[in-house]
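Inspection log for the structure reproduced underneath, given as structure tokens.
The values are calculated or read from the model by the stated rules, or taken from the named source; none is laboratory data. If you're wondering where the values come from, they're calculated on a predicted model, not measured in any experiment. Neighbour counts run over all protein chains shown; Cβ positions are idealised from the backbone, glycine included.
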Amino acid sequence: MRSGLSVFGAAAFCLWWCGSLALAAEPAPAAVPYVVTEPASPADFALVGEQTATKMLVDRQDHKGLLRAVATLQQDIRKVTGRQLPMLHSVVAGTEQGLALIVGSLDQSALLADLVQRGKLDVSAIKGRWEAFQISLVEAPLPGIRQALVIAGSDKRGAIFGVYDLAEQMGVSPWVWWADVPVKTSKMLYIKAGTFKVDAPKVKYRGIFLNDEYPALTSWVMQKYGGYNHQFYQQVFELLLRLKANFLWPAMWNNAFADDDPQNAIVADEMGIVMSNSHHEPMMRADKEWNRYGKGPWEYSKNREAIYQFWQHGAARHKNLESIFTLGMRGQEDEPMSEGENIGLLEKIVADQRQILAETFKNRDVSTVPQVWALYKEVQGFYERGMRVPEDVTLLWSDDNFGHLRRLPTLDERNRSGGAGVYYHFDYVGGPRSYTWINSTPIAKIWQQMELAWRYQADRIWIVNVGDLKPMEYPIDFFLRMAWNPTQFTAGNLEQYARDFATQQFGPEHSTEIAWLLEGYSRHNGRRRPEAMTAQSYPLLANQEAARVSTELADLAARSSTLLAKLPKNQQDAFIQLVDHPVQATQALFELYHAEARNQLLASQGRRETNAAAADVKRWFDRDAALTARYHAIGSTSDKTGRWDQLMAQPHIGLRYWRNPEANTMPVLLTNQPIEAADMGVAAEGSSASWPQSDDLGHSLTLPRFDRLGMQQRVIDIFNRGSQPFQFEAKVVDASSGKNKAGWLQISASQAEVKTSYPLKVSIDWSKTQPGLNQAEVWVKGTGYGWAKIKVTALDSPAARAPAIQPALAARQNAPFADADGYIAVNASSAQVQGNSTERYWQQVAGLGRFLLDEQAGSMVAVTPADQLVDTSPAAIKQAPHLLFPLYFQQAGEFNLQLYLSPALQITPGRGVRLAVALDDAEPQLLDLMANYDDKVWQQSVLDNIRILGHRLQVASPGLHQLRVYLVDPAVVLQKITIDTGGLQPGYVGPVQSRRLHPQENQ
């Protein structure tokens, strides 16, 4: 069983760093494990004991969905212990029954009503609440029963959730069916003496949207079930209930839930799943039903009568089924209405839909019929321009399809009786680039966005687009657990959640390693979604980014393979699905584009290794196909296809615009036929230019500048463009005197043989440099005519020779970050946090942002009250919480500051997404992510998963300075800062964090 701090088990605590003030979050509800495999005391209740077994007792007249859940629990107990408990529906008078497990709902169970009436069971903690459950031990509840474990639900789903809470505590993962997670077996199961658990959801409707389901999910469903029928959907319903969810938007690309199989809606209602239809399918009618039965155009202004009757049928069909009716109207195929932005027409549509509901539910006030208006894409614009719906209709705000909330309720909107919710995305088909293949949403990002939703009281509906469902198991699990209780997750326990998830599926032994793998691949995909990858995404040359990413993914892949081989055979299928496949497939996709980039670079330089890089592209392309085939073969036998055949069939290689290709597409490759002779080429570190082409084009080769505080060695690459080896000669030439000597510049060899390539290392002897800029050249001669000349500069600034740093800054956390190699780079999580209060503060969120794993960094998130007016006067801003970055400049000047921020949108109308910056005692300057914002900026920001704001810094003198970044608005997430002092190379993740400088260092 799990132990220690756990968001599944024990209470969670706020662990983030908040400067001088420690801020405590609301702890998780008491959820200490109550199921044990050995009795701790004689008073423990034997659900399945060494000699005894409990009888299961449930009222035959209770809800059908609860009876189904209890039968599932019976099978779960058998899977865990090997013993099947007898099921009873009544107690025979005068018979010794021993121990019993009693399950019931307060609104339907005569058994529970009797216990309550006789004072045996106190249900005041759950009575009248939504979906609440209580698990408790009761002495002598009924004649002949010595003791009972009672699971009582305030309603049908409350009781069902109590049943599945027990199943989960016993060791049955919610993913037992959908990811082949084996149950944790034990011969005995005991309930701790004194067990009393009460729990209920904080978000009312919590669910998923099956979407973009072709080709993967649809191909699998057709093969296994023959269509989207109730046999398929009951597996989805059970997963949701095991995760304590209650809401579903069904698959809709070429499917119609209630029409494909009339039992679909009936089974959903029986099991306890609240059905609705997606944001563009009004009145419980699927989009595809209009194609099947509609007459005339889908245009309300021209075809009102036919569409009205179409909607009447949907309302009548779901009259006696628990549903949420989607209002409004969009065009077919999820397009904007053909009538354009006709607010008056849309208001008429909503009024007619309400009239249909009033006619259908004649004995109910229409305001009690659950309804939702999805403010998706252009529909939000209708709302912002003044359109309104009745107060009882839930406003469903959306993200931008890429995980950034577009809007949240204002104070007035939070007072609406219908409340508000959020429609979120783990999957999307549309511009600027679809992403449908594999999980690319880190849980830290989900938490940060949905925690905003919770604070702004968007708590009526949380629904997330999950595409094919698999392979989104990990983020689905997190999203639905957070929807049950948003307060149990904090910035400080997200890493613990990853370990808990790993423990639940595979046990505690390897949980830390598995958590690292889960977080590793999802953080990589979160930096740039796989479908948005190209050969140019991570530069080969700037900051060695591509090589660093390659090393990171190779480590993850190797560790995952090693762990897979160690796991018991019965865990390996689940491990492949949940961990190893996404890790290995993520590496294969990256390395394919990495090899393509190398192929292009090597070909441009005429290198003989060009063909080898092309072969690497093909090898990784084949590797991707082999991994897909392995996934599809899971559970296969000689006469049957694999258990999950076709579920990884989504094309994902070769996207060039938003729409997926019909199949994975091999990149165009370049080849090279080396001449049958030697042919020298030369390239300088950090540049794609090479000699002799550089001479032909009039470009000189130049190494990045050296300085005392920066990199102390760089490389000139001497390579062979032919097939025969050659000798080269190298020498140093002083740029100012022209003499063949510059004592301060050193090279690792004056001559050597080159077969393929030779790294000539260049370094500086700082004892021989002059103050200021030193210039020289390295000349290299091999085959052909003339010398290749590479410029070398070394900046020996007085500020770098003797850094003037006060002893008070000697502590590691206060030491300044050094200007070196022409830039300063600092991760936001390395800043000092100052001025935090209980209401306004910066908090660190580990794993949030575009960092490499080796950086062990996170972002700083701005938290402010949802409705507090912000005084943006300089004096007021100076009093705000701020991040302090101590910096050390080698030179004075005007430099470009770049703030790397997570994409964010204007969640509060008219407020902006602002922060302020100031160097030393300068007046704070406001910066706004919404300034100069347009669709082109948005597209680039969601592809890059970053917004970079620039600001010019005036540095009056070399030496120590302090940069402050002030908190102004919520939703601001600062990842890192860079300052270009003359040598910053453009990249994707940016350079590694600059070194800290200490007083004892004397350069």
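Do we have any residue at all in segment 631-649 that's surrounded by fewer than 20 Cβ atoms within 10 Å (Cβ to Cβ) and assigned to a helix (DSSP H, G or I)?
Yes - at least one qualifying residue is present in segment 631-649.
Please work out if T551 is outside the structural domain of V372 (by TED's automatic domain parsing), in a helix (DSSP H, G or I), farther than 27 Å from Q993 by Cβ and not aliphatic (A, V, I, L, M).
When the stated conditions are applied, T551 does not pass them.
Out of S417, S367, S398, I need the residue that is touching a strand residue (DSSP E or B) at 6+ places or on another chain (Cβ under 9 Å) and modelled with pLDDT of 95 or more. Which one?
S398
State all residues of segment 854-875 that are modelled with pLDDT of 85 or more and among the polar types (S, T, N, Q); if no residue qualifies, say none.
Result: S859, T864, T872, S873.
Considering segment 952-977 alone, what residues qualify as being surrounded by fewer than 22 Cβ atoms within 10 Å (Cβ to Cβ), touching a Ser or Thr at 6+ places or on another chain (Cβ under 9 Å) and outside any loop (DSSP other than H, G, I, E, B)?
Within segment 952-977, just V955 meets the criteria.
Of the residues G207, G227, which is part of a loop (DSSP other than H, G, I, E, B) and at pLDDT 95 or above?
Unique residue meeting the criteria: G227.
Where residues in segment 387-429 are among the β-branched types (V, I, T) and crowded, with 22+ Cβ neighbours inside 10 Å, which of them is farthest from A458 (Cα to Cα)?
V389
If you check Y497, Y474, Y456, which single one turns out to be closer than 17 Å to N525 by Cβ, among the hydroxyl-bearing types (S, T, Y) and not assigned by TED's automatic domain parsing to the domain that holds V172?
Y474
So R129 passes all but one of these: (1) surrounded by fewer than 22 Cβ atoms within 10 Å (Cβ to Cβ); (2) closer than 28 Å to M188 by Cβ. Which condition number does it fail?
(2)
When the residues of segment 900-951 are narrowed to those that are of a type in the set (D, E, K, R), out of contact with any helix residue (DSSP H, G or I) (no Cβ under 7 Å at 6 or more places or on another chain) and farther than 27 Å from T441 by Cβ, which ends up surrounded by the most Cβ atoms within 10 Å (Cβ to Cβ)? I'd like the intermediate steps shown before the answer.
Taking segment 900-951 as the starting set, the residues that turn out to be of a type in the set (D, E, K, R) are 911, 914, 920-921, 923, 928, 934-936, 944, 947.
Still in the list and also out of contact with any helix residue (DSSP H, G or I) (no Cβ under 7 Å at 6 or more places or on another chain): 911, 914, 920-921, 928, 934-936, 944.
If we keep only those that are farther than 27 Å from T441 by Cβ too, we end up with 920-921.
Numbers: D920: 14, D921: 8.
Across segment 900-951, the extreme among qualifying residues is D920.
Among the numbered criteria (1) over 21 Å from the mean Cα position of the chain (by Cα); (2) closer than 30 Å to K445 by Cα, which single criterion is violated by P958?
Among (1) over 21 Å from the mean Cα position of the chain (by Cα); (2) closer than 30 Å to K445 by Cα, P958 violates only (2).
Conditions tested, residue by residue: (1) within 32 Å of the chain's Cα centre (by Cα); (2) in a strand (DSSP E or B).
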{"site": "V123", "(1), (2)": "no, no"}
{"site": "S136", "(1), (2)": "no, yes"}
{"site": "R146", "(1), (2)": "no, yes"}
{"site": "A179", "(1), (2)": "yes, no"}
{"site": "E213", "(1), (2)": "yes, no"}
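Would it be correct to say that M329 is closer than 19 Å to D392 by Cα and either in contact with a Gly (Cβ under 8 Å, 6 or more places away or on another chain) or outside the structural domain of L239 (by TED's automatic domain parsing) (or both)?
No.
Which members of segment 437-462 meet the condition of being within 15 Å of the chain's Cα centre (by Cα) and either more than 12 Å from V973 (Cβ to Cβ) or without any contact (Cβ under 8 Å) to a residue 60 or more places away in the chain (or both)?
Once the filter is applied, which keeps residues that are within 15 Å of the chain's Cα centre (by Cα) and either more than 12 Å from V973 (Cβ to Cβ) or without any contact (Cβ under 8 Å) to a residue 60 or more places away in the chain (or both), segment 437-462 yields W437, I438, N439, S440, T441, P442, I443, I446, Q449, M450, E451.
For segment 702-801, list the strands (runs of 3 or more DSSP E) that sit wholly inside it and hold at least 2 residues that are out of contact with any strand residue (DSSP E or B) (no Cβ under 8 Å at 6 or more places or on another chain); which are they?
none
Inside segment 236-245, can you point out the residues that are assigned to a loop (DSSP other than H, G, I, E, B) and either of a type in the set (V, I, T) or in contact with a Phe, Trp or Tyr (Cβ under 6 Å, 6 or more places away or on another chain) (or both)?
Of everything in segment 236-245, just one residue is assigned to a loop (DSSP other than H, G, I, E, B) and either of a type in the set (V, I, T) or in contact with a Phe, Trp or Tyr (Cβ under 6 Å, 6 or more places away or on another chain) (or both), namely K244.
For segment 798-841, which residues satisfy the criterion of being polar (S, T, N, Q) and at pLDDT below 85?
As a first pass, look at segment 798-841 and keep what is polar (S, T, N, Q): 806, 813-814, 827, 829-830, 832, 834, 836-838.
Listed by number, the residues that qualify are Q806, Q813, N814.
For the subset of segment 863-886 comprising residues that are under 30 Å from P803 (Cβ atoms) and touching a Leu at 6+ places or on another chain (Cβ under 6 Å), which member is surrounded by the fewest Cβ atoms within 10 Å (Cβ to Cβ)?
At the first step, the residues of segment 863-886 found to be under 30 Å from P803 (Cβ atoms) are 878, 881-886.
Keeping just the survivors that are touching a Leu at 6+ places or on another chain (Cβ under 6 Å) gives 881, 885.
Values: P881: 24, F885: 22.
Only one residue tops the list, namely F885.
I'm trying to understand the selection: among the residues of segment 321-342, which are modelled with pLDDT of 90 or more and either in contact with a strand residue (DSSP E or B) (Cβ under 6 Å, 6 or more places away or on another chain) or farther than 19 Å from A286 by Cβ (or both)?
Correct list: E322, S323, I324, F325, T326, L327, G328.
For the list (1) hydrophobic (A, V, I, L, M, F, W, C); (2) outside any helix (DSSP H, G or I); (3) surrounded by 19 or more Cβ atoms within 10 Å (Cβ to Cβ), I need the number of the one condition that L217 fails.
(2)
Can T487 be described as in contact with an Asp or Glu (Cβ under 9 Å, 6 or more places away or on another chain), modelled with pLDDT of 95 or more, β-branched (V, I, T) and not assigned by TED's automatic domain parsing to the domain that holds V236?
Criteria not met by T487.
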